[in-house]
1. Quick check on region 38-60: of everything there that is of a type in the set (D, E, K, R) and out of contact with any Asp or Glu (no Cβ under 8 Å at 6 or more places or on another chain), which residue is modelled with the lowest pLDDT?
2. For residues in region 5-18 being part of a loop (DSSP other than H, G, I, E, B) and aliphatic (A, V, I, L, M), which is modelled with the highest pLDDT?
3. Taking the condition assigned to a loop (DSSP other than H, G, I, E, B) and either within 24 Å of the chain's Cα centre (by Cα) or at pLDDT 80 or above (or both), does N84 pass?
4. When you go through (1) within 22 Å of the chain's Cα centre (by Cα); (2) at pLDDT 75 or above; (3) part of a loop (DSSP other than H, G, I, E, B) one by one for V69, which number turns out not to apply?
5. Of everything in region 19-34 that's under 18 Å from L45 (Cα atoms) and surrounded by 10 or more Cβ atoms within 10 Å (Cβ to Cβ), which residue is modelled with the lowest pLDDT?
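The values are calculated or read from the model by the stated rules, or taken from the named source; none is laboratory data. Note that the structure is a prediction, hence the values are computed from the model and not measured. Cβ: placed from backbone, ideal geometry, glycine included. Neighbour counts: every protein chain shown.
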Amino acid sequence: MTMSPSQIELADASDRQVATASFDHNLVVTAGAGTGKTTLLVDRLVHLLLRNLQPLKISKTGKVESVPVGRFDFVASQPWSLSNYRLIAANWLSTNILSYAFLLVVLSLLIGVTTASMLSRLGRRE
């Protein structure tokens with residue numbers, strides 16, 4: 001009998017719950033690859049937004065102000081490269097499969113029409 005991932009009890013489940021739901025102190029999470037650090041961060045953000053708590057910032061005048069979350073900014077962790085653009089395109093294509101299929105059909109037709117046109121102009125004449 002196999003167990004689904006939701007039925008498996010993790011050894012650190014109580015620590016994960018505390019890290020996800022407590023906002024009275026900062027956290028430092030150190031763990032190996034694939035252990036759920038990003039999931040913990042997303043769960044923490046979701047709990048924060050669902051509890052309607054707003055992040056705080058210190059203004060230029062030194063006052064602490066609450067800031068509504070209107071957008072999220074991503075910090076580039078690596079310099080831009082062709083590999084990064086390839087990953088961004090692959091992610092977009094995997095989430096927009098119908099657009100990808102349509103684009104593939106249109107480009108195939110365009111290549112076919114272009115090839116037929118070139119062969120009619122440059123092909124052998126009898």
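1. R51
2. So the residue we want is A11.
3. For N84, the condition - assigned to a loop (DSSP other than H, G, I, E, B) and either within 24 Å of the chain's Cα centre (by Cα) or at pLDDT 80 or above (or both) - is not met.
4. The single condition V69 does not satisfy is (2).
5. The extreme case among them is F23.
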